[in-house]
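Colleague: I have a structure here, written as structure tokens, and I will follow up with some questions on it.
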Amino acid sequence: MTIVTEVNTTAAERADLAARVEHIGKEAADLVRNPDAQVTRLATPFFRDGAVYRVIYNGRYHPIAFSVGTAERHYAIMLPLSPGGFFELAAKAGVSLDTPDSRVSYAEVFLESTRDFRRRFQIIKNASEIELLPNATPEQKKRYEALVDKYEPLIRAPRASSLSSGEIVLYALVGESLFEIRLKISGEGKIVRSDTVLERDLPITTAK
């Protein structure tokens, strides 16, 4: 399974999103309207009537990025660092999580939209996606090779736990650390999250 499919928005969809976001904040709405901003919609097949958008604008001094959830006729909510906001969105949008694929997709979009956009968050499917620093020192190269050898048998694409189909297991780079993340998902879309830090201070490339 691919990691969070995105599609570009239409002009009409973008205008509707900006109008909804205007009630949250004018600055965010202006960014949605800015032709230099990238506005994409994440695939949310598990929602009956809702959507999640990602907005990225490469500002003069630093990039600005955030996510927004929409449902019903006028509803919109900002999602960064807001798991509660995502659950509110799910309640309004309606969820269908009756298959392992739908729960995996729900888990991925939950993590991608409620992340801290000021630092790296990258869901990975195998150890080879951990990219070594350019111009790494011999010591860094040695550590990197040992890490890949260690985690190649462990890291897999997001999947249902062997112990419970309602628990999703995935691996992600958060900042400069490697995490195992477990999400227990209820039928209504509520999530209990458990993070385990596997490695810290990795010799990896610039944050994504």
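Colleague: Within region 160-168, can one find any residue that is exposed (fewer than 14 other Cβ atoms within 10 Å of the Cβ) and touching a residue at least 40 places away in the same chain (Cβ under 8 Å)?
Modeller: yes
Colleague: Can you pull out every residue in region 1-16 that is assigned to a loop (DSSP other than H, G, I, E, B), in contact with a Lys or Arg (Cβ under 8 Å, 6 or more places away or on another chain) and among the aliphatic types (A, V, I, L, M)?
Modeller: 3
Colleague: What's the total number of residues in region 17-35 that are assigned to a helix (DSSP H, G or I) and of a type outside the set (D, E, K, R)?
Modeller: Number of matching residues: 8.
Colleague: Select, from 90, 76, the only residue that is within 18 Å of residue 191 (Cα to Cα), of a type in the set (A, V, I, L, M) and in the same structural domain as residue 30 (by TED's automatic domain parsing).
Modeller: Answer to the selection: 90.
Colleague: List the number of the failed condition for residue 153; all other conditions in (1) over 28 Å from residue 90 (Cβ atoms); (2) surrounded by fewer than 13 Cβ atoms within 10 Å (Cβ to Cβ); (3) touching a residue at least 60 places away in the same chain (Cβ under 8 Å) hold.
Modeller: Only one criterion is unmet by residue 153, namely (3).
Colleague: Still on this structure, I have one more. Look at region 152-168 and say how many of its residues are under 25 Å from residue 188 (Cβ atoms) and not small (Gly, Ala, Ser).
Modeller: Final tally of qualifying residues: 5.
Colleague: Looking at residue 113, is it surrounded by 13 or more Cβ atoms within 10 Å (Cβ to Cβ), at pLDDT 95 or above and either of a type outside the set (A, V, I, L, M) or closer than 22 Å to residue 28 by Cα (or both)?
Modeller: Here the answer is yes, as residue 113 does meet what is asked.
Colleague: If residue 85 satisfies all but one of (1) within 22 Å of residue 5 (Cα to Cα); (2) surrounded by fewer than 17 Cβ atoms within 10 Å (Cβ to Cβ); (3) assigned by TED's automatic domain parsing to the domain that holds residue 43; (4) more than 14 Å from the chain's Cα centre (by Cα), what's the number of the condition it fails?
Modeller: For residue 85, the exception is condition (2).
Colleague: Looking for something under 21 Å from residue 170 (Cα atoms) and without any contact (Cβ under 8 Å) to a residue 12 or more places away in the chain - is there at least one such residue anywhere in region 38-57?
Modeller: Among the residues of region 38-57, not one is under 21 Å from residue 170 (Cα atoms) and without any contact (Cβ under 8 Å) to a residue 12 or more places away in the chain, which makes the answer no.
Colleague: I'm trying to understand the selection: among the residues of region 54-86, which are part of a helix (DSSP H, G or I), farther than 24 Å from residue 13 by Cβ and either of a type in the set (A, V, I, L, M, F, W, C) or out of contact with any helix residue (DSSP H, G or I) (no Cβ under 9 Å at 6 or more places or on another chain) (or both)?
Modeller: Residue satisfying the conditions is 84 alone.
Colleague: Out of 139, 108, report the one residue that is among the charged types (D, E, K, R), in the same structural domain as residue 51 (by TED's automatic domain parsing) and within 27 Å of residue 153 (Cβ to Cβ).
Modeller: Of 139, 108, the one residue that is among the charged types (D, E, K, R), in the same structural domain as residue 51 (by TED's automatic domain parsing) and within 27 Å of residue 153 (Cβ to Cβ) is 108.
Colleague: If you don't mind, another one. Would you check which residues across region 60-80 are of a type outside the set (Phe, Trp, Tyr) and either surrounded by 14 or more Cβ atoms within 10 Å (Cβ to Cβ) or in contact with a Phe, Trp or Tyr (Cβ under 6 Å, 6 or more places away or on another chain) (or both) and list them?
Modeller: 64, 65, 67, 68, 69, 70, 71, 76, 77, 78, 79, 80
The values are calculated or read from the model by the stated rules, or taken from the named source; none is laboratory data. Note that the structure is a prediction, hence the values are computed from the model and not measured. Note that each Cβ is placed from the backbone with ideal geometry, even for glycine, and that neighbours are counted across all protein chains shown.
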